[in-house]
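Nothing in this text is a laboratory measurement; each read-out follows from the coordinates by a stated rule. If you're wondering where the values come from, they're calculated on a predicted model, not measured in any experiment. Using ideal geometry, Cβ is built from the backbone for each residue, glycine included, and neighbour counts are taken over all protein chains shown.
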Amino acid sequence: MSHDLTQPTPELEPLAVDGISAVKLGTLIWAIAFIVCLIARKPLQQLGIKDAHWICLAGVVLGGLGLIYTRRRVDRLKLVSDIVND
């Protein structure tokens, strides 16, 4: 198969995503994992896994902070966009 190198490739456009849904999904997954670790705490301890629930809780807390950050970022970007477009 031969490729024609004389034709320019089209520029890729960036995706129009704000990241909020990704942070929400990640935080939800950590919250589900936290509940599962609490339910299965005894079997996990018997296997030598003692800190799993704390790790999941840290994921939930950091996800909450990430959600605050991404929402503030989106609000700032909208404000700047409104100022520039007016």
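Values for this structure:
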item: Checking Leu44 against (1) surrounded by fewer than 11 Cβ atoms within 10 Å (Cβ to Cβ); (2) part of a helix (DSSP H, G or I), the condition it does not meet; result: (1)
item: Any hit, the range 23-32, residues being small (Gly, Ala, Ser) and out of contact with any helix residue (DSSP H, G or I) (no Cβ under 8 Å at 6 or more places or on another chain); result: no
item: Pick from the range 8-24, criterion in contact (Cβ under 8 Å) with a residue 12 or more places away in the chain and either assigned to a helix (DSSP H, G or I) or within 8 Å of the chain's Cα centre (by Cα) (or both), ranking: surrounded by the most Cβ atoms within 10 Å (Cβ to Cβ); result: Val23
item: Criterion violated by Ile49 - all others in (1) surrounded by 14 or more Cβ atoms within 10 Å (Cβ to Cβ); (2) part of a helix (DSSP H, G or I) satisfied; result: (2)
